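First up is the structure itself, then whatever we jot down about it.
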Amino acid sequence: MKGYIITVNIHDDKATIWFKTNSGANEEITKPYRPDFYIKPINMDINELQRILEKHPNIYDLEIEFARENLGSNRDIEVLHVYVDSIKNYRDVLRQLSSFPCKIFNCDLAHRQKLMFNLGVPCLNPVKYDSNGKFTIIEELNLEPPPINYLTLNLHANSKSIY
């Protein structure tokens with residue numbers, strides 16, 4: 001299915017992705033959503049931190065990865081990618097881990113931003129959605145805006161006061 005993502009919403013650990021196909025149909029794609037962040041231990045082995053966090057009741061999954069330390073860096077560092085079991089436990093897990101000797105990354109992004117980042121495709125860009133549930137950018141140079149319907153409203157107020 002080809003088209004573009006219009007917007008995303010997250011509610012009760014489910015992501016809803018609103019997708020408009022090239023034929024003009026609107027599709028609602030629902031996926032589970034697990035909030036995530038990255039953590040880098042300080043003066044501690046990453047495998048030791050992973051063993052400790054594996055016992056945490058609200059951590060769903062952990063993966064050792066390499067990522068950029070910041071946007072201006074060309075150097076990759078070893079980090080632990082932490083997936084929390086639900087949005088409602090996300091802040092508690094972050095608060096608990098803030099006492100660890102570590103640096104936490106990507107914890108201040110809005111969940112909708114995280115979802116778009118994790119999908120790997122921007123809104124209103126031509127994409128393909130395949131049968132495996134993956135989005136990929138269509139490598140077309142298309143400078144035309146997508147065919148979005150516009151709604152114009154006229155608002156008339158009879159009151160001189162807005163209170």
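Brief remarks follow.
- When residues in region 60-82 are screened for being more than 16 Å from Ile46 (Cα to Cα) and not basic (Lys, Arg), 6 of them pass.
- Filter pass, Val127 being hydrophobic (A, V, I, L, M, F, W, C) and in contact with a Gly (Cβ under 8 Å, 6 or more places away or on another chain): yes
- Qualifying residue in region 121-139 (condition: over 18 Å from Leu71 (Cα atoms), open to solvent by less than 70 Å² (accessible area, probe 1.4 Å) and in a helix (DSSP H, G or I)): no
- Some residue of region 49-56 being modelled with pLDDT of 90 or more, loosely packed, with under 13 Cβ neighbours inside 10 Å and polar (S, T, N, Q): no
- Selection status of Leu94, under 15 Å from Asn106 (Cβ atoms), assigned to a helix (DSSP H, G or I) and not charged (D, E, K, R): yes
- Residue count for region 12-29, restricted to those that are open to solvent by 40 Å² or more (accessible area, probe 1.4 Å) and either aromatic (Phe, Trp, Tyr) or under 19 Å from Phe117 (Cβ atoms) (or both): 3
- Residues of region 64-79 satisfying the condition of being assigned to a strand (DSSP E or B) and exposed (fewer than 10 other Cβ atoms within 10 Å of the Cβ): Phe66
- Among (1) touching a residue at least 40 places away in the same chain (Cβ under 8 Å); (2) open to solvent by 80 Å² or more (accessible area, probe 1.4 Å); (3) assigned to a helix (DSSP H, G or I) - the single one Gln113 does not satisfy: (1)
- In region 71-86 there is at least one residue matching the filter, namely being more than 29 Å from Tyr4 (Cβ to Cβ) and modelled with pLDDT under 85.
The values are calculated or read from the model by the stated rules, or taken from the named source; none is laboratory data. Keep in mind that what you see is a predicted model, and the values were worked out from it rather than measured. Neighbour counts run over all protein chains shown; Cβ positions are idealised from the backbone, glycine included. Surface areas here come from the heavy atoms of the whole protein model, side chains and all, with no ligands, DNA or RNA. Shrake-Rupley method; radii C 1.70, N 1.55, O 1.52, S 1.80 Å.
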